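The values are calculated or read from the model by the stated rules, or taken from the named source; none is laboratory data. Because the structure is a prediction, the values reported are computed rather than measured. All Cβ positions, even for glycine, are placed from backbone atoms using ideal geometry, and neighbour counts span all protein chains on display. Heavy atoms of the whole protein, side chains included, go into the accessibility calculation; ligands, DNA and RNA do not. Shrake-Rupley method; radii C 1.70, N 1.55, O 1.52, S 1.80 Å.
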Amino acid sequence: MNELVLRTIVDAQYAESILQAKAPGMKVISATQRHHPFAGFVFDVPQLAGRVGRTHTLVDYFSGKAFISGPWQAADPSDSIGFKPVLDPQWNTIDFDSARQKAKALLATAALRRARLAWKGGVREQRSVGKVWKPNWVLEAQLDGKSYRIMVDGLNGGYFFIGS
């Protein structure tokens, strides 16, 4: 199975600054990078006026959720030192073929919404990657005497709380 580790765009210091901008006084105790497995697909999707657009998708192996992504940037091989994959919770995992179907369905729905009655179908897969490892930061932090675990997306800086 082919694999790709994505380049981390948001480093630990920037992840910390994102949280501190939202919650002044938050003290980050530790930041650990973890990599989450996705299936990756690149499709040609017919657009309006007969044009075709190339679209990248990622499908989370653990949740089955499909996302449209930007073009993938591979990490430098030296960045994989200390690579820590997220462990499979083994309760909602999907396989590669299911991931492919979810990616196609997402793009067909998105194209249909955009083109409305002009949609003629025809999403065509151009490339697939069995495992795309997306970087995230898990931050242990404290604010007003309470402890928090926060995940910060290593590509776009989005965040959510995963524990307190």
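Applying the set (1) assigned to a loop (DSSP other than H, G, I, E, B); (2) at pLDDT 90 or above; (3) farther than 30 Å from Gln33 by Cβ to Lys120 leaves exactly one unmet item: (2). The set of residues in the stretch 132-161 that are open to solvent by 80 Å² or more (accessible area, probe 1.4 Å) and in a strand (DSSP E or B) comprises Gln142, Lys146, Arg149, Tyr159, Phe160, Phe161.
Provide a single number: the residues in the stretch 20-42 that are open to solvent by less than 70 Å² (accessible area, probe 1.4 Å), among the hydrophobic types (A, V, I, L, M, F, W, C) and closer than 13 Å to Glu140 by Cα. Total meeting the criteria: 3. Between Ser17, Ser78, Ser69, which is on the phi < 0 side of the Ramachandran plot, at pLDDT below 95, open to solvent by less than 60 Å² (accessible area, probe 1.4 Å) and out of contact with any His (no Cβ under 8 Å at 6 or more places or on another chain)? Answer to the check: Ser17.
Being at pLDDT below 90 and among the small types (Gly, Ala, Ser), is that true of even one residue in the stretch 37-47?
Of all residues in the stretch 37-47, those at pLDDT below 90 come to 44-47.
When the remaining residues are screened for being among the small types (Gly, Ala, Ser), the result is none.
No, the stretch 37-47 contains no residue that is at pLDDT below 90 and among the small types (Gly, Ala, Ser).
Scanning the stretch 91-117 for residues that are modelled with pLDDT of 80 or more and open to solvent by 70 Å² or more (accessible area, probe 1.4 Å) turns up Trp91, Asp95, Asp97, Gln101, Lys102, Lys104. Pairs are defined by a Cβ separation below 9 Å, a sequence spacing of at least 6 or placement on different chains, a first member in the stretch 81-106 that is over 12 Å from Phe41 (Cα atoms) and of a type in the set (A, V, I, L, M, F, W, C), and a second member that is open to solvent by 70 Å² or more (accessible area, probe 1.4 Å) and assigned to a helix (DSSP H, G or I); the pairs so defined are Ile94/Lys102. Val5 fulfils the conditions (1) open to solvent by less than 10 Å² (accessible area, probe 1.4 Å); (2) among the aliphatic types (A, V, I, L, M); (3) under 20 Å from the mean Cα position of the chain (by Cα) except for a single criterion, (1).
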